[in-house]
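Encoded as structure tokens, the structure appears first; notes follow it.
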Amino acid sequence: MKHGKIVANPAAHAPVTKTLRPALFARYADLANLRHDYPLVLVDFGEGRPLVRPLSRIIDGTLRLVAPKDLTGEAMRQQLLQLEADIRRRVLAGEEARLSDFWRDCTAEMIRAKGEGPFGGLDNNFEIARKRLPYDGLVIGCNGETPAKVLRHAWSAKQAAKARRFRRVVDSLILRLSDILKSDHMKSDEAHGAEALEAAMGATADGSIDFGALSAVLERARPEDRLPVDRVARIRDALQVLKGQPFYGPGRASDTTPCKRDPYNYTFDTCSAALDAYRDRLPDVLAFTKALTVAELEVENKYRPELHDQILARFDESDMSAEQINMLPSALVCLRDGETVSAETARSFEALACGLPITVLVQVDDLLGPTSPEPPVNSFGAGTARLAAMAMGLNNAFVCQTSSAHINRMIDGLERGMRYEGPALFSIYSGATPNVPDVEPYILSAAATEARAFPSFTYDPSAGSDWASRFSLAGNPEAEKDWPVHEVVYENAKGERQTETLAFTFADFAICDSRYTRFCHLSDACEDALDRVSAAEWLTCVPDTDPTRSPCVRVIDPENQLFSVVVDTKIAEAASRCIDAWRRLQELAGINNSHSRRALAEERLKREATSTQQAAAPAAKAVEADAKPVEKPAVPEPAAPVESATSDGAAWIETPRCTTCNECVQTNDKLFAYNENMQAYVADPDGGTYRQLVEAAESCQVSIIHPGLPRNPDEPDLPELIERAAAFN
Amino acid sequence: MTATMSQCLAQMVQTDYAMKDYQSEIAPRWCTGCGDTAILTAMQRLCRDEQLPPEKTVCVSGIGCASRLPHYMNAYGFHGIHGRALPIAEGIKIRRPDLNVFVTTGDGDNCSIGAAHWLHAVRYNMNMVVMLHDNQVYGLTKKQASPTSPKGLSTNTTPGGAMLNPLNPLTVTLGISNVSFVAQCVDWIPDLLYETLQMAYRHKGFSFIRILQRCPNFMDHHFDNWMQDPARTRLLTHSNGLRLKPEISRVYKNQETHDPRDMPRALALAALSDEVPVGVLYRNPDVPCYDELRAGERPSTPALVETVLNEEFDKVGIWPAESEQAER
């Protein structure tokens, strides 16, 4: 049978004995031949690089660079796509390696298969393409380990970036503190001694220089101002703490001497362990934060013991700010549904609520849970799907929910969550559940999102102050609808091509689970039977209006035969719970918001009640009033103070134009003086003679001294001086 | 980051620097009436108004009368060698970007022996303020012609009068790539000198100010034509440039509104011969600074330098004894 071709079952009365799949799965039976988001490359982190990139996109990008669009590029296109398919097949079989390793192995195999040797046409093509590959990194498939791998990768990338920032700050502080100590040391006896001077000359000293005599010469010019002892001690202490910090490893060529102890590990299996570790490390964190503060003050020469000693002595954890905590690594806790003990769920909420930078991954493998309500055993149970929605209530935590299949689409949310400075919860459905045999985790996890059983969403408290900016449902298929709708094409009993539009509902998702198979019954096959409606339709309206009709879903068997199955109330009820939860999420995202609909309805009623004319008149007036500009009270501009010759004939200087040339103050420093800007003014008109005033005016380079009229009528030669002064008045 | 905490603690330390805090113990030894005093005063005013800590301020100079300025500032100083003020300042800035670097240089120092450094310093556009004290003569060595001496000036080296047209430091600077700030001042309008210096300090990049400076000893009355006739001083004003006080406006009525982004007009103004343009001729804050481009992700610690060098050496490491054996 041709792949994906569905044939309508002519008569089906058989009970459900074989594995049934939703009809919409038919197209995706053979993942090896489908270009999808997996294999996914966890790109080696670096500036400007994405966190992850699907292999198919990397190959497409490379093809655009190396294969011309016309026929000449066709051969290379086929070869690379073949290579991509080979890698995908290997990854589906469970292999995992770096992209460059896969590339090398697969191309070698293809070249061997074609019978070519190295440096042949095929090898050449692969080599050209390899050189244009933009990224390298681990290639992973979609399985039970995927969510943890992706999240650990994203977390490591964030820690690497944090470590770089941290080292930049700390290394530069260490360098500058060391400089201070070094310059102080250069003034010491030791640095001026003959031994130090000889060592400074290096190995070439041949005895021709008498370093003892040189030391004695230098001694005379030695600066006296050594640093205070307590300051040197303070800088030494800070340096020691900064160099021995145990939070990040020393990194490449870091100035920090390698820690005596290993750097702390920040990945945990339980939230309790993460919280305990936080408490244990608190003394180190406090010591480091203090040292950092001292260092920052010392390099600016702003540390004053009389002010700062007391404050720093009192400094404890309650004084720590979010910025200080965020400089250090954040913790990563990976929890797994079914493996982590239930009590840890409560602990994870505690950890998230306390506001510490902690990133929690809750990996969900089994979404549906047992068929009857029972106390959960090592499982988050039926609440799993709602865990992320519950965490939004904490309000300060970043929350992201998605499934393995949608990780690449939600990578932006993942990155934002990693950047978020505070607690973050990632709830990811892996699709790898033992209760659904024979369905690839990729398909099942995609189905969970499609069926609204595990919708993708993000809640980012840092994005704004309201729901509209914080909450996003982007990434869900047809988010504005109840269920996403697809077309299915099949062949009916007469061999005719038929098209049917099907909604993918929660019921479609649930029937995959072996535990729920017994709640489905094969339908009587008559497609138009009156008592059968599609599950989607049934969930929308039927239960209220027509209890006799029951919901059914379209399924296929392993031979691609099309059936309808009627689903039991068990599934139908679960489906209505699911759609209810989905609609609440929609409301948060502003889709069919009940408040606004209610307000809209009320507004409409009001409008109908009031006549449009009555409403229009005052509105027009209001608009007019708004448009009228507010008149500013006229404030007269303050008149600029204008200095000018005083009418009483007092001497004065155009002070702002003074060039500080010292001419006048050297003539008489009682008469003339400098103001706070070192510009001259007449300080005391009686402090000197009129002759001095006139001479100063004459010698002033910029001619800004105005002698005015003589104050002492008895001064000799007044008529002559007045005449000379006239030029400057 | 703990920046907030250490900033809060740093704010507790009250600093209130006054003019005298920037005056060193050495009294200026410039001739009475020398224009350099006005420049020193303007600089000290700037330091006080911007509250620059003396220990975070460096004055670098070459050789000449102007280059004595670092001695009179109570700050770090480097009285360098002739013409080499700029390379020294660049070295300081790249190693200690936290310092405020000021360069004082003269027309002989900068435009003659140091001309090559000047061109490249403009191109590097490192964040510093350069004050070219241009008295158009070598004063410290008792009157020789400098590159900016006017044609016909009789000096000890040109007794028959200088034979060449002078070099125009403004047009030269404006013509160099990456130029980001060019201004001209005259020492006899100290208010505008201060304002321009302040704009130069606040500009991020290489701020070049040419200051026409009187030398009462060897060039007495040389600038009288401009000093006594305010109409020959053209003040360049702009909302992004100089803003004039009324007492200045009253004296200097020859004003032009000039957008500092307008390079063609800046070149035309710089080339004026009968008038002296005063103000900001050109300013472009978007030119990249070499010190910022060079600032790596990590500080260049001795350990980093050693590691990087060792990595490079290891690339070409050879072990002759072993390799010979292997070949055999």
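Residues that are over 17 Å from the mean Cα position of the chain (by Cα), of a type outside the set (S, T, N, Q) and either within 30 Å of B:PRO264 (Cβ to Cβ) or surrounded by fewer than 24 Cβ atoms within 10 Å (Cβ to Cβ) (or both): does segment B:166-173 have at least one? So far as segment B:166-173 goes, yes, one or more of its residues are over 17 Å from the mean Cα position of the chain (by Cα), of a type outside the set (S, T, N, Q) and either within 30 Å of B:PRO264 (Cβ to Cβ) or surrounded by fewer than 24 Cβ atoms within 10 Å (Cβ to Cβ) (or both). Taking A:ARG279, is it surrounded by fewer than 15 Cβ atoms within 10 Å (Cβ to Cβ) and farther than 30 Å from B:GLN14 by Cβ? Judged against the criteria, A:ARG279 is a match.
Every residue, every condition in (1) within 13 Å of chain B (Cβ to nearest Cβ); (2) loosely packed, with under 15 Cβ neighbours inside 10 Å, yes or no:
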| site | (1), (2) |
| --- | --- |
| A:THR660 | yes, no |
| A:ASN668 | no, no |
| A:GLU676 | yes, yes |
| A:GLN679 | yes, no |
| A:ILE704 | yes, no |
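For A:ASP189, indicate whether it is more than 30 Å from A:TYR38 (Cα to Cα), exposed (fewer than 15 other Cβ atoms within 10 Å of the Cβ) and within 14 Å of another protein chain (Cβ to nearest Cβ). The answer is no for A:ASP189.
Yes or no: segment A:290-297 includes at least one residue that is assigned to a loop (DSSP other than H, G, I, E, B), touching a residue at least 60 places away in the same chain (Cβ under 8 Å), β-branched (Val, Ile, Thr) and surrounded by 16 or more Cβ atoms within 10 Å (Cβ to Cβ). Within segment A:290-297 (the criterion being assigned to a loop (DSSP other than H, G, I, E, B), touching a residue at least 60 places away in the same chain (Cβ under 8 Å), β-branched (Val, Ile, Thr) and surrounded by 16 or more Cβ atoms within 10 Å (Cβ to Cβ)), the answer is no, since none of the residues qualifies.
Looking only at segment A:324-340, filter to residues that are at negative phi and free of Cβ contacts under 8 Å to residues at least 60 places away in the same chain; which one of those is nearest to the other protein chains (Cβ to nearest Cβ)?
Keep residues of segment A:324-340 that are at negative phi, which gives A:324-337, A:339-340.
Narrowing the set further to residues that are free of Cβ contacts under 8 Å to residues at least 60 places away in the same chain leaves A:324-325, A:337, A:339.
Values: A:GLN324: 5, A:ILE325: 10, A:ASP337: 37, A:GLU339: 38 Å.
Result: A:GLN324.
Of all residues in segment A:267-282, none satisfies being in contact (Cβ under 8 Å) with a residue 24 or more places away in the chain, in a helix (DSSP H, G or I), facing chain B (nearest Cβ under 8 Å) and under 25 Å from the mean Cα position of the chain (by Cα). Listed here are the helices (runs of 4 or more DSSP H) enclosed by segment B:160-260 that have at least 1 residues being closer than 20 Å to B:TYR138 by Cα, within 13 Å of another protein chain (Cβ to nearest Cβ) and out of contact with any Gly (no Cβ under 7 Å at 6 or more places or on another chain): B:224-228.
Whether a residue is in contact with a helix residue (DSSP H, G or I) (Cβ under 8 Å, 6 or more places away or on another chain), among the small types (Gly, Ala, Ser), without any contact (Cβ under 8 Å) to a residue 60 or more places away in the chain and more than 12 Å from chain A (Cβ to nearest Cβ) was assessed, and B:GLY108 does not pass this test. When the residues of segment A:524-566 are filtered to those that are of a type in the set (S, T, N, Q) and more than 18 Å from A:ALA26 (Cβ to Cβ), the one that is modelled with the lowest pLDDT is A:THR545. Would you confirm whether or not segment A:165-174 contains a residue that is crowded, with 21+ Cβ neighbours inside 10 Å, part of a helix (DSSP H, G or I), away from every other protein chain (no Cβ under 14 Å) and in contact (Cβ under 8 Å) with a residue 12 or more places away in the chain? Checking segment A:165-174: not a single residue is crowded, with 21+ Cβ neighbours inside 10 Å, part of a helix (DSSP H, G or I), away from every other protein chain (no Cβ under 14 Å) and in contact (Cβ under 8 Å) with a residue 12 or more places away in the chain. With respect to the conditions (1) more than 27 Å from A:ALA405 (Cβ to Cβ); (2) touching a helix residue (DSSP H, G or I) at 6+ places or on another chain (Cβ under 6 Å), A:LEU80 lacks only one, and its number is (1). Counting only residues that are over 24 Å from A:PHE247 (Cβ atoms) and of a type in the set (S, T, N, Q), which one in segment A:286-313 is farthest from the other protein chains (Cβ to nearest Cβ)? Result: A:GLN310. Of all residues in segment A:476-519, those satisfying the criterion of being part of a helix (DSSP H, G or I) and under 14 Å from A:ALA453 (Cβ atoms) are A:PHE506, A:ALA507, A:ASP508, A:PHE509, A:ALA510, A:TYR516. A:GLU608 meets all of the listed conditions (1) surrounded by 10 or more Cβ atoms within 10 Å (Cβ to Cβ); (2) among the acidic types (Asp, Glu); (3) at pLDDT 85 or above but one, namely (1). Can you name the residue in segment B:32-55 that is touching a residue at least 40 places away in the same chain (Cβ under 8 Å) and not in a helix (DSSP H, G or I) and is also farthest from the other protein chains (Cβ to nearest Cβ) among such residues? This residue is B:GLU50.
In the condition set (1) closer than 18 Å to B:ILE189 by Cα; (2) modelled with pLDDT under 90, A:ASP714 is compliant with all but (1).
The values are calculated or read from the model by the stated rules, or taken from the named source; none is laboratory data. Note that the coordinates shown come from a computational prediction; the quantities given were computed from them, not determined experimentally. So basically every Cβ, Gly included, is an ideal-geometry build from the backbone, and we count neighbours across all protein chains shown.
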